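Here is the structure we will look at, set down as structure tokens.
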Amino acid sequence: LTPDVLTGIEARFKATRSLQVDDATKDYLKGLLPKLDIAEVMLTDQYGYNAVTTSPSSDFVQSDEGWWQTAWASGGTTAQATADAAVQRVVVELAGIVKDGSDKVGVVKVKFGLSAVDSVLSQGSGGSALRVELVDSTGKIIATSTGNQRFKPLGAFSTIVGHSGNAVFNYAGDTELQ
């Protein structure tokens with residue numbers, strides 16, 4: 001889309017920023033939000049236009065966004081943690097292609113909240129020496145049992161990712177697997 005066309009489309013849908021093509025789908029998705037600690041669901045059509053959203057989006061056209069282009073081209077995005085100003089909380093974002101048979105028809109993006117994870121990790125450590133850290137696909141800590149380390153890089157993330165096999169292993173510091 002040219003910048004002029006994009007500006008015109010955005011202006012036309014400024015009020016809703018979504019086609020909201022199916023109220024039943026929107027209501028169903030909104031019902032899932034609190035049950036699954038989901039902050040937002042956004043479903044686009046094959047052109048990247050918001051078809052159904054559970055909350056107002058910052059814009060109507062998503063096809064110019066990197067996450068949309070990655071999902072459309074490769075089938076999905078990796079998990080990314082972010083402090084999302086739109087939903088005013090820390091979320092993990094994932095996007096994936098939507099198909100009708102073998103035809104690509106859109107992209108869905110889900111922003112998962114971390115409230116339940118934070119609660120479980122803080123209760124699970126129970127004052128012990130046990131340390132559990134949840135990292136996103138880039139190695140940033142998104143939840144931890146030891147306090148507020150959110151968005152700090154996990155030392156030796158590349159070493160952990162490079163660990164082969166399905167066996168359990170011990171991580172004893174910033175650089176070494178045991």
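The alpha-carbon positions of the range 1-97 define a convex hull whose volume is 105 Å³ per residue.
Divide the volume of the convex hull around the Cα atoms of the range 69-113 by the residue count and you get 75 Å³ per residue.
Taking θ as phi - 60° and the Karplus parameters 6.51, -1.76 and 1.60, the scalar couplings of the range 81-88 work out to 8, 7, 8, 8, 5, 5, 9, 6 Hz in sequence order, x denoting glycine and proline. Count Lys and Arg as plus one, Asp and Glu as minus one, and take only other residues whose Cβ is under 13 Å from that of Ser145; the net charge is then 0. Sort out for me the Cα centre separation of the range 129-160 from the range 3-47, rounded to whole Å. Result: 32 Å between the Cα centres. The sum of -39500 (n - 2.57) across all DSSP H runs of n ≥ 4, divided by the residue count of the chain, sets its helix-only mean residue ellipticity at 222 nm to -8000 deg cm²/dmol.
Taking a sphere under 12 Å around the Cβ of Val61 and counting the other residues whose Cβ falls inside, with K and R at +1 and D and E at -1, yields a net charge of -2. Using +1 at the C-beta of Lys and Arg and -1 at the C-beta of Asp and Glu, which of Leu33, Gln46, Trp68 has the Cα lying farthest in the positive direction of the dipole of the range 25-76? It is Leu33. Computed about its Cα centre, the charge dipole of the chain is approximately 300 debye, with only Lys, Arg, Asp and Glu carrying charge at their Cβ.
Peptide packing: for 9-20, 61-72, the average count of neighbouring Cβ atoms within 10 Å per residue gives the ranking 61-72, 9-20, highest mean first. Dividing the convex hull volume of the alpha carbon atoms of the range 1-53 by its residue count gives 85 Å³ per residue.
Once the 1.4 Å probe is applied to the protein heavy atoms, the chain comes out at 58 Å² accessible per residue. First compute the accessible area of the range 1-73 with a 1.4 Å probe, then give the percent of it belonging to carbon and sulfur atoms. That fraction is 56 percent. Length gained on full extension, Thr159 to Gln20: 45.6 nm, using 0.36 nm per residue less the C-alpha separation.
Can you run the Rg to Rh ratio on the chain? Use alpha carbon positions and the Kirkwood inverse-distance Rh. Ratio of gyration radius to Kirkwood radius: 1.05.
The values are calculated or read from the model by the stated rules, or taken from the named source; none is laboratory data. Only a predicted model underlies this, so the values are computations on that prediction, with no experimental measurement involved. Please note: Cβ atoms are built from the backbone with ideal geometry, for glycine as well, and neighbour counts cover all protein chains shown. Accessible surface areas use protein heavy atoms only, side chains included; no ligands, DNA or RNA. Shrake-Rupley method; radii C 1.70, N 1.55, O 1.52, S 1.80 Å.
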